[in-house]
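Data first, discussion second: the structure below is written as structure tokens.
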Amino acid sequence: MNKSFKLFQYAYLIFAVVFLYDVISKYMATGTITYASLILCVAAIFMFFFRQKFNKKFDNKD
């Protein structure tokens, strides 16, 4: 069960890369920044580190 938690933890990084690619590609095409995708990218990175800390605490309780 713990491996699935770690898998979802790294899924947040994948989402962050996808949202960052969206921000960069739209900025290069139109010159405008898509703040929604940028906020989602930052949130995904935050969630990665939050889940990583939470998983370490969860592992220490076993």
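Values in this text are rule-based calculations from the coordinates and carry no lab data. Model, not experiment: these values are computed from the prediction. Backbone-built Cβ (ideal geometry, glycine too); neighbour counts: all protein chains shown.
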Problem set entry | Listed residue (I39, V18, F50) projecting farthest to the positive dipole end of the chain, Cβ model | F50
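Express in nm, to one decimal, how much length is gained between V18 and F5 on full extension, taking 0.36 nm for each residue of separation and deducting their alpha carbon distance.
Full extension from V18 to F5 adds 2.6 nm.
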Exercise. About the Cα centre of the chain, what is the dipole size in debye to 20, counting +1 per Lys and Arg Cβ and -1 per Asp and Glu Cβ, all else neutral?
Worked result: 280 debye
Exercise. Å³ per residue of the Cα convex hull, for the chain?
Worked result: 52 Å³
For this session: Return a whole-number percent for the relative contact order of segment 1-46, with Cα pairs under 8 Å and 6 or more residues apart as the contact set.
Result: 42 percent
Seminar exercise, completed: Cβ-Cβ cut-off under 14 Å around I45, Lys and Arg +1, Asp and Glu -1: the net charge is +2
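If we count every other residue with Cβ under 13 angstrom of F15's Cβ, Lys/Arg +1 and Asp/Glu -1, where does the sum land?
Surrounding charge for F15 is 0.
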